[in-house]
Structure formats: C-alpha cells, structure tokens
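Scroll down for the structure; my scribbles are underneath it.
The values are calculated or read from the model by the stated rules, or taken from the named source; none is laboratory data. Owing to the predicted nature of the structure, the values given are computational and were not obtained by experimental measurement. Ideal geometry is used to build each Cβ from the backbone, glycine not excepted, and the neighbour counts take in all protein chains shown.
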Amino acid sequence: MRRRVSFLVIPFILALCSLAFTQAPPPIERVQVAPPVRGIDPPDPNATAEQLEQRGDELRGEKNFLDAMDYFKAALAKNPNSPTLYNKMGIVNLQTHHLKDAKKNFERTTKIDKKFADGYNNLAVTYYYEKKYGKAIKLYTKAIELREDAASYFNNLGAAYFAKKDYEKAVLAYAKAVQLDPDVLERTSRIGVSAQLPSPEDRAKYDFVIARLYAKQGLTERALQYLRRAMEEGYKDVRAVYKDADFADLRKDPRFAELMAAKPPAIPE
C-alpha cells in the first residue's frame with residue numbers, strides 16, 4: 001500500500017516541477033555590445049631601449065600611465081642601469097598613487113647615479129607626502145647642491161619648510177625660487193602644499209606669505225591674487241599689509257585699496 005502511494009505521489013511532484021519550469025521566464029536584459037576598442041600595442045620585443053622609452057614618454061604624456069609603465073619596464077630590461085628610466089617609472093608610480101613603488105624607484109635612481117639631481121628631488125617628494133619633512137628637506141637640499149638653478153627644487157624646499165612651520169626658511173626658499181623663475185609657483189599646484197597644511201589658519205598664512213613675496217618682487221597681479229586668497233582663508237593678521245615694508249609698492253596700487261575695502265569674506269570649510 002505504501003509503495004502504491006509513492007508511485008502516485010511522484011508523478012504529482014514531477015507535475016508541480018514541470019509547472020514551475022514552464023511558467024513565463026523573467027524579462028531578458030538585452031546588453032548591446034559596443035564595437036571593440038583598439039588598445040595600446042604591447043612593447044615590441046625587437047624595439048630598442050631608446051624607442052621603448054620614447055613610446056613610454058608619449059603614453060605618459062597622454063596619461064596612459066599603466067601602459068607607459070609597461071614600456072619603461074621593457075626599456076629597463078634592455079638597459080637595466082638607466083637612472084633616467086627608474087626616475088620615470090617613479091614618476092608614473094606617483095601619478096598612479098603608488099608611493100612605496102615610487103620611493104623604491106627613486107632610491108634606485110640615486111644609487112645608480114649619485115649626482116642625479118632629479119632623483120633626490122623626487123625621492124624627497126615621497127617623504128614630503130609621508131609628512132616626513134626633515135628627511136624631505138635633507139634630500140631637497142642635496143638636489144639643490146647638485147643643481148642650484150632649479151627653481152622647482154627651491155619651491156619644493158619652501159613647501160617642506162612651510163609644512164614644518166619654519167616660516168623664515170620657507171620664505172627664503174620661495175624667494176630664491178621666484179628669483180630663478182617668477183612663474184614657478186603658478187606652474188606648480190598649491191594643492192600639494194595645502195594637503196600638508198592641517199588647518200585653514202596655516203593655509204591662510206601660506207597665501208599671505210606668498211602675497212608678500214610677490215609684492216616684494218614687484219609682481220602686483222599675483223600679490224593681489226594671493227592676498228585675496230589669504231583673506232578668503234580667514235587670515236587674521238591681514239592688516240599687517242599696512243605696516244610691512246614688503247607691501248610698500250603694492251599699497252600704492254588703487255586695486256590694493258579696492259581689495260582691502262571689499263573685505264572678501266572668509267570661505268567656510
């Protein structure tokens with residue numbers, strides 16, 4: 001009797017399963033496939049180290065950083081003692097936010113060529129972003145000893161001193177940078193400096209210091225620009241512009257009076 005019930009139940013269960021599978025299927029999501037996009041050709045094994053490096057430079061200029069790295073690595077396989085290639089790899093590492101890899105490549109650069117100034121400067125950048133300012137300052141100083149005409153090195157040194165709150169030395173370094181190249185601060189982003197300054201007060205002071213530096217150099221437009229920034233950052237001692245000798249010529253410009261009268265409100269964080 002039990003066996004007969006089992007035979008009767010099984011077809012019923014199968015019938016239910018059949019109903020379940022024969023119900024209307026869920027809506028189909030149709031995905032349209034785009035035409036294939038041609039990627040970057042891999043490094044040619046028959047290319048010379050120079051050709052591979054040149055192609056890597058082009059890709060880096062196009063912001064194809066990972067492809068550029070492939071070409072630099074292929075070039076290094078053919079020229080394993082090139083400080084320039086290790087330096088370029090380190091720069092790509094920085095651009096892709098791989099700080100540890102960048103540091104290793106810059107260290108290799110300076111070991112291969114102890115007079116490679118860019119290697120020391122770029123290695124210092126990695127310590128700067130780690131907020132190890134003392135180490136960064138030593139390396140920037142080393143780079144400057146090897147190449148005294150590089151405005152960007154002095155600019156970086158100024159940023160490290162400023163982040164360390166050694167404002168007097170920061171001003172001296174910035175002043176040298178602007179003396180070598182009046183446009184250096186405009187070509188290098190202040191974002192990197194601001195990232196190291198923990199408070200709005202520090203950022204405001206930075207802008208005021210740069211305004212004073214430009215005013216002393218007679219670069220009125222830029223002095224006014226940074227003075228406005230300092231005011232917008234809420235710099236508390238902004239009225240020092242009326243007494244500071246470095247602002248003497250700027251005070252004669254009508255736009256200075258207009259700016260001070262306007263009193264740009266501090267931009268909230």
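Whether any residue in the stretch 256-269 is surrounded by fewer than 17 Cβ atoms within 10 Å (Cβ to Cβ), over 25 Å from V178 (Cα atoms) and β-branched (V, I, T) is what I want to check.
The answer is yes; a qualifying residue exists.
Starting from residues that are without any contact (Cβ under 8 Å) to a residue 24 or more places away in the chain and not in a helix (DSSP H, G or I), keep the ones in the stretch 104-140 and report whichever is nearest to the chain's Cα centre (by Cα).
K132
Being modelled with pLDDT under 90, in contact with a Ser or Thr (Cβ under 7 Å, 6 or more places away or on another chain) and not hydroxyl-bearing (S, T, Y): is that true of V184 here?
In short, yes.
Starting from residues that are over 14 Å from K104 (Cβ atoms) and hydroxyl-bearing (S, T, Y), keep the ones in the stretch 72-87 and report whichever is surrounded by the most Cβ atoms within 10 Å (Cβ to Cβ).
Result: S82.
Can you tell me which of L94, L52 is over 25 Å from Y161 (Cα atoms) and either not small (G, A, S) or not in a loop (DSSP other than H, G, I, E, B) (or both)?
L52
Within the stretch 142-164, can one find any residue that is assigned to a helix (DSSP H, G or I), exposed (fewer than 15 other Cβ atoms within 10 Å of the Cβ) and without any contact (Cβ under 8 Å) to a residue 12 or more places away in the chain?
The answer is yes, given that some residue of the stretch 142-164 is assigned to a helix (DSSP H, G or I), exposed (fewer than 15 other Cβ atoms within 10 Å of the Cβ) and without any contact (Cβ under 8 Å) to a residue 12 or more places away in the chain.
Residue under question is A117, and the condition is that it be in contact with a Lys or Arg (Cβ under 6 Å, 6 or more places away or on another chain) and surrounded by fewer than 20 Cβ atoms within 10 Å (Cβ to Cβ); does it hold?
yes
Taking the condition of being in a helix (DSSP H, G or I) and acidic (D, E), how many residues in the stretch 222-269 meet it?
3
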